[in-house]
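Following: one structure in structure tokens, then a few remarks.
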Amino acid sequence: MINRLRKRGRSVESLETNELVSGRALIWLIASFALLLVPQWDRLPVWLMASCAVLAGWRWLAQSGRLRLPGKWLRSGIMLTLVAIYIATVQGRFTVETASSFFVLAVGLKWLETRSVRDFYVLFFILVYLATVNFLFHQEIHWSVINLVGVALLLVGLQVVNAPDIPGAMKSGWRRLGMMLVKTLPIVVLLFVFFPRMAPLWSVPLVSGEARTGISDSMTPGDISSLAQSSERAFRVTFGGETPPYRDRYWRGLILDRLDGETWQQGFGQQFRRPGRVSVDGGVGELASNQYDVLMEPTDQTWAFALEDSRAVSNNVKPDDQGLFRFDRPADSSVRYRMAIVDDGSSGQFGAVPDNAQRYLQLPRSGNPRAREFAEDLAAEYDNPGAIVQHLLDRFRQQEYFYTLRPPAMPEDGIDALLFDEKRGFCAHYAGAATFVLRAAGIPARVVVGYQGGDSGADDEYLIVRQYDAHAWVEAWLPGQGWVRMDPTAAIAPQRIESGLRDAMAEEGSFLENDWTSPQRYGDMAMLQWASLQLDRMNYHWQRWVVGYQGQSQMDLMSRLPGGLGMRELGYITAGIVGVGLLLAGLVNAWQYRRFESRDPFSRIVTRWHRLCDRAGVPVRHGETPSQLAFRLSRAKPAAAGTATAFARMINKHYYGREFETGNSAELGRMKRLLATMKRQADRKQQGE
């Protein structure tokens, strides 16, 4: 007998845990999976996206009876094939991107073995984790909304799988989610604002193998002209005072001081920095009139961009010996830092040439003979280095040199061809050629790479510097002046420096010619520009006050409140918010239960029955069915056995029968009479005892 009961228990448990998942629940799961893949469309390889679509589609066709799910051997073959393709494409690289791609592949393969409700739960939690993985790569507000909608679809599917036969389950599920959001959102917001934000004990870099758009630590003619066809954001800048004129917005990033063939590189004196943590909220408090905040997009590089004559205000950037600024480790996420413009005349003295003049005079031993001869003639003609610089600028300004995004392919001696034959190039071409001539004439010079310009954001609240603002220019060392900026582009195409690349390329028509989806390409469409700027403003404030809301930002906000809250006070406030939230939740639930009970006469009758059972010494047990309770009451009060059984049968019929009617007054009256009879029978027995 015991063995049969054990066997029956195992079979019932197996039936419950291995019950086939319904199609209505499965479709919500597939819809969520498809939506959560959208934020990764630009990162995942095409074969992986296609494989996920095929695997999920296969599972749906099997659910509808059009296909059969693969058996053990076929499933193993599919897995081994896809894993082999993954290994071949990864080529031994282990980064966050490759790890998350493998995770997506594992989720796709999971569809082929999703059969039971238990499998549904496993895939549910896996997809919730996939939503969190998406935040490693995209933190903008629209991607956050997509992730939250994907999780909402999962929650609706969870409700459907637990109550597949309830009429209007979908509508009630969305309504229930909405009510939960309304109830919890105020508490979430308060906790977000006041919960103490302490720095982590350690920080693991987001090691990435993704090729990000942006300037690099080397420059070959043509590199920046390719970058100029991208409208991706590089950084945004908020000024405490007046915004500098367009022509003065030279954002210095790095210096290239070694020429290797046709490529300029960082060649000497690169300081080693111990890897450290990059604070992402370097700018706090009100901006002074000479200060500016930079919110920089991830670059996976250590350099920060700043205007000339700037010094660091925030402690997450450090100056180097060339007047540039660096992070302690590559910026693998958006980072905010603060600078101040201090015109004390010292910026030109960085990297004093008398000690390292050869560093900025280095040239290859051969190549470009005409440029070398031209430089020697200039050195013989002019005794003053400043006059040589001015002569070179006048040559660019007076002769027919052209600034173009469609430069011709240069031969082996590219600088000779640019200066004397083609006379067509982009900023990188002219900056490299000018530096070559100055060095050949005996004047220390270097190439500076960064950005120049920046367009106004919505309502002129901040500047947006994009990749097409990438620029290269020259700094020459002049006695008595130090490093002086010399920009050949300003002489050849002054409109590029005065108003931007769009105006400079208006006649050629090459501005963003390969980027049909960029709103910046269509500058004459006012409505499109307005919508683009509004979306950018939302993302800007989202990045500053939500994603970038860290310890310093929180302390700055708390210091503005009465009393100047500190870390200890924030802890007390957080505990109070949690306590009050739990108390309110309990009160609301109790009020809703009483409200439901007052509206449902059947619920009131059942409550009265439970009280009767308690008085009879038969307390209600958690999870007990009406029939089980009636059975125990019958054993305790035999006189009420028949009435209790009939009463329990009516409860089951009312709440679990398919044909029940919520407003059946005849049924309600009969239950009241049965309850009164049961009470008299129980009381009579007690008196007899």
Residues of region 379-407 that turn out to be assigned to a helix (DSSP H, G or I), more than 17 Å from TRP473 (Cα to Cα) and either of a type in the set (Val, Ile, Thr) or free of Cβ contacts under 8 Å to residues at least 12 places away in the same chain (or both), as a count: 4
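Looking at the structure I just gave you, is ASP455 acidic (Asp, Glu), under 22 Å from ARG236 (Cβ atoms) and surrounded by fewer than 19 Cβ atoms within 10 Å (Cβ to Cβ)?
Numbers: acidic (Asp, Glu): yes; under 22 Å from ARG236 (Cβ atoms): yes; surrounded by fewer than 19 Cβ atoms within 10 Å (Cβ to Cβ): yes.
Yes; evaluated as a whole, the condition is true for this residue.
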Test: residue in region 279-289 that is at pLDDT below 85, among the aliphatic types (A, V, I, L, M) and more than 20 Å from LEU254 (Cβ to Cβ): yes
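Conditions (1) within 27 Å of the chain's Cα centre (by Cα); (2) among the small types (Gly, Ala, Ser); (3) at positive phi, marked per residue:
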{"position": "LEU36", "(1), (2), (3)": "yes, no, no"}
{"position": "ALA53", "(1), (2), (3)": "yes, yes, no"}
{"position": "LEU61", "(1), (2), (3)": "no, no, no"}
{"position": "GLU97", "(1), (2), (3)": "yes, no, no"}
{"position": "VAL104", "(1), (2), (3)": "yes, no, no"}
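Any idea which of LEU191, LEU185 is more than 30 Å from VAL96 (Cβ to Cβ), among the aliphatic types (A, V, I, L, M) and not assigned by TED's automatic domain parsing to the domain that holds VAL21? Walk me through how you get there before you give the answer.
Details: LEU191 fails: more than 30 Å from VAL96 (Cβ to Cβ).
The unique qualifying residue is LEU185.
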Of all residues making up region 16-59, the number that are surrounded by fewer than 17 Cβ atoms within 10 Å (Cβ to Cβ) and outside any loop (DSSP other than H, G, I, E, B): 15
Test: residue in region 392-412 that is closer than 27 Å to GLY509 by Cα, among the β-branched types (Val, Ile, Thr) and surrounded by fewer than 24 Cβ atoms within 10 Å (Cβ to Cβ): yes
From the options VAL546, VAL447, residue that is out of contact with any Cys (no Cβ under 7 Å at 6 or more places or on another chain) and not assigned by TED's automatic domain parsing to the domain that holds GLY267: VAL546
Long-range neighbours under 7 Å by Cβ, at least six apart or interchain, first residue within 14 Å of ARG604 (Cα to Cα) within region 658-677, second among the basic types (Lys, Arg) and at pLDDT 85 or above: LEU675/ARG608
Close pairs from region 367-378: first among the small types (Gly, Ala, Ser), partner assigned to a loop (DSSP other than H, G, I, E, B), Cβ under 7 Å, at least 6 apart: GLY367/ASP413; ALA375/ALA441
Residue count for region 573-589, restricted to those that are more than 30 Å from the chain's Cα centre (by Cα) and over 21 Å from LEU181 (Cβ atoms): 2
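In the list ARG115, ARG59, ARG93, which residue meets the criterion of being over 22 Å from VAL161 (Cβ atoms), in the same structural domain as GLY157 (by TED's automatic domain parsing) and charged (D, E, K, R)? Spell out how you get there, then give the answer.
On the way: ARG115 fails: over 22 Å from VAL161 (Cβ atoms); ARG59 fails: over 22 Å from VAL161 (Cβ atoms).
The match here is ARG93.
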Hits in region 603-623 - residues which are aliphatic (A, V, I, L, M) and not in a loop (DSSP other than H, G, I, E, B): ILE605, VAL606, LEU612
Members of region 244-259 found to be without any contact (Cβ under 8 Å) to a residue 40 or more places away in the chain and closer than 16 Å to TRP303 by Cα, listed by number: none
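Of these, ALA506, ALA526, ALA493, which one is crowded, with 17+ Cβ neighbours inside 10 Å and in the same structural domain as TYR292 (by TED's automatic domain parsing)? Spell out how you get there, then give the answer.
Working: ALA506 fails: crowded, with 17+ Cβ neighbours inside 10 Å; ALA526 fails: crowded, with 17+ Cβ neighbours inside 10 Å.
Within the list ALA506, ALA526, ALA493, the selection yields ALA493.
The values are calculated or read from the model by the stated rules, or taken from the named source; none is laboratory data. Note that this is a predicted model, so its numbers are computed, not measured. A quick note on method: Cβ atoms are made from the backbone with ideal geometry, for glycine too, and the neighbour counts reach across all protein chains shown.
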